[in-house]
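Contents: one structure, followed by commentary.
The values are calculated or read from the model by the stated rules, or taken from the named source; none is laboratory data. Computed from a predicted structure; not experimentally measured. For neighbour counting, all protein chains shown are included, and Cβ atoms are generated from backbone atoms with ideal geometry for every residue, glycine included. Side chains are part of the model used for accessible areas, which takes the heavy atoms of the whole protein and leaves out ligands, DNA and RNA. Shrake-Rupley method; radii C 1.70, N 1.55, O 1.52, S 1.80 Å.
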Amino acid sequence: MSLGISLHAVGVQRGRKWVLRDLTLDVQPGERWALIGANGAGKTQLLKLLAGDVWPTPTAAGRRTYRLGRREVDLIEAKSRIAYLGAEMQDKYSRYGWDPSVSDLLATGLHRTDLLLSKVTAGERRKIDATLRACGLMRLARRRLSSLSYGQKRLALLARALCPDPDWLLLDELYNGLDASYRRRIDRALRAARARGGSWIVAAHRACDVPRGTRGLIELDAGRVIAMRPLRAEVASRLRIAAREGARAAIPGGRASPAPGGRARPGLAGPPLLKISDADLYVGYKPVLRGVSWELRDGEHWAVLGANGAGKSSFLRLLYGDLSPALGGVIERRGFPKGTPIADWKRRVGFVSPELQTDYAVNVSVRDLVASGPRASIGLAEPATAQEARVAARWLKFFGLSGVAERRPRELSYGQLRRALLARALAAEPRVLLLDEPLTGLDPGQRAFVKRLLERLMRRVALVIAVHHPEDLPRGVTHALRLEAGRAHALHSAN
């Protein structure tokens, strides 16, 4: 017997604002839903409300009910049958420095704890090993979570959710930041859950992020359910095909031959903005990139492509100055001679990444978050100047964030925080903009909006952008750098 979940006239209030309002919803065992809606519509809060991680604000009529058949069950029993997985869970392990092995991570899923607090029994070990095999993670069982690539971490966290065989999987933007290979692996894991009769609700912003086997659509707007309807399989299939075709069409340079060593063709005359020569890069004593030589010149805009674990994020961090090449490698930055403090460079570069989003757990307002851009800091050590405050207010308004300016980063939706980090990057008036999956977590309208913004900025700012969805690239990208097996290969635009 599996769990059913009902909401009747339920709302959730944050401060003076209702993030969910007058929700009436009934989902039954065996159902599989996609949850859609714009950034700030309340998708994450709804999933957490269903999971029992968020309490409804008390109202006269509001009621949340969990049932097994005709029997109503309490929250403790219901939570033992529900697994919630959102982006903030992956961020939390990094933020608190928790570093279990993959095997122990799955054990915490069985024990319903963040950390492993008791010994794993023989029966639990068999269950863990079976889940590791089903998810293709057996060879990583003893690896520490921090040593995994982004895609490996996401798959491991899904395995943690699947390990106790929950009645319901509540998945928030599960496919964000994953390449095609990891998407297929997650599809296989969900197919096995579906075969066991599992139910799910998956929040998604892209048609290609709706798992196969999903049969219904829940649409949320301004905290209210405005539609529940069947999802026709053939329509979803056509949307996935359209997304793949759009991705192929968007790759700069198409199938141009790789340039040796990843070196760019000459752009405009004069020294390059950035130049890397014969650089090896290690992260945590592990080799990530080898023998990279690359240049960024005025008038060039680069896409950085590659599978999860190929080194895209590390490459951008190398450009930004968070990482340094191994002995023998050289990185040159125009206008910043050798010996210049790296902080001076960072104040002229805009940088947005998933790791930066993780780091912003500090207790600052969104207003101060944006104002910290010109200082290249995480928050403000001293109050913003009048000029910094004016610039921050302008970008907050531009991104539609003025109404949440006094909130803390963790009080925003994933997409709202991503927009705030973009505003922070632009507040620095950068000469180079380094973007790691900048459109991840944004709804279709916001993705189109940010792409148009980037297209305008490219007239005066050099852009280096790492993506898994090449359709996310703004028009005007001139070159693509593909990272593979630790090597960099440049694809040149036909323009």
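Side notes on the structure shown:
- Within the option set 351, 336, being more than 17 Å from residue 435 (Cα to Cα) and of a type in the set (Phe, Trp, Tyr) holds for one residue only, 336.
- All positions within segment 298-316 that are more than 20 Å from residue 177 (Cβ to Cβ) and either open to solvent by less than 40 Å² (accessible area, probe 1.4 Å) or among the hydroxyl-bearing types (Ser, Thr, Tyr) (or both): 300, 301
- Here residue 12 meets the list (1) assigned to a strand (DSSP E or B); (2) surrounded by fewer than 17 Cβ atoms within 10 Å (Cβ to Cβ) almost entirely, failing just condition (2).
- Residue in segment 359-410 that is nearest to residue 13 (Cα to Cα), counting only those that are assigned to a loop (DSSP other than H, G, I, E, B) and of a type in the set (Val, Ile, Thr): 364
- Residue selected from segment 90-104 under the condition within 15 Å of residue 150 (Cα to Cα), open to solvent by 30 Å² or more (accessible area, probe 1.4 Å) and not hydroxyl-bearing (Ser, Thr, Tyr), by the criterion modelled with the lowest pLDDT: 95
- Verdict on residue 21 being part of a strand (DSSP E or B), basic (Lys, Arg) and closer than 23 Å to residue 417 by Cα: yes
- Residues (within 15 Å of the chain's Cα centre (by Cα) and among the basic types (Lys, Arg)) located in segment 129-186: 153, 154, 183
- Leading residue by the ranking (least open to solvent (accessible area, probe 1.4 Å)) among those in segment 278-297 that are of a type in the set (Phe, Trp, Tyr) and under 26 Å from the mean Cα position of the chain (by Cα): 282
- Here residue 110 meets each of (1) under 19 Å from residue 171 (Cα atoms); (2) aliphatic (A, V, I, L, M); (3) at pLDDT below 90 with one exception, condition (3).
- For segment 15-43, residues that are exposed (fewer than 15 other Cβ atoms within 10 Å of the Cβ) and farther than 18 Å from residue 403 by Cβ total 4.
- Only a single item in (1) open to solvent by 10 Å² or more (accessible area, probe 1.4 Å); (2) closer than 20 Å to residue 320 by Cβ; (3) of a type outside the set (Phe, Trp, Tyr); (4) out of contact with any strand residue (DSSP E or B) (no Cβ under 6 Å at 6 or more places or on another chain) is not met by residue 448, and it is number (2).
- Criterion (open to solvent by less than 20 Å² (accessible area, probe 1.4 Å) and within 21 Å of residue 223 (Cα to Cα)) met by exactly one of 443, 472, 436: 443
- Residue match in segment 402-415 (condition: in contact with a Phe, Trp or Tyr (Cβ under 6 Å, 6 or more places away or on another chain), open to solvent by less than 10 Å² (accessible area, probe 1.4 Å) and closer than 14 Å to residue 368 by Cα): yes
- If the condition is being in a loop (DSSP other than H, G, I, E, B) and either within 25 Å of residue 88 (Cβ to Cβ) or open to solvent by 60 Å² or more (accessible area, probe 1.4 Å) (or both), then segment 63-74 contributes 70, 74.
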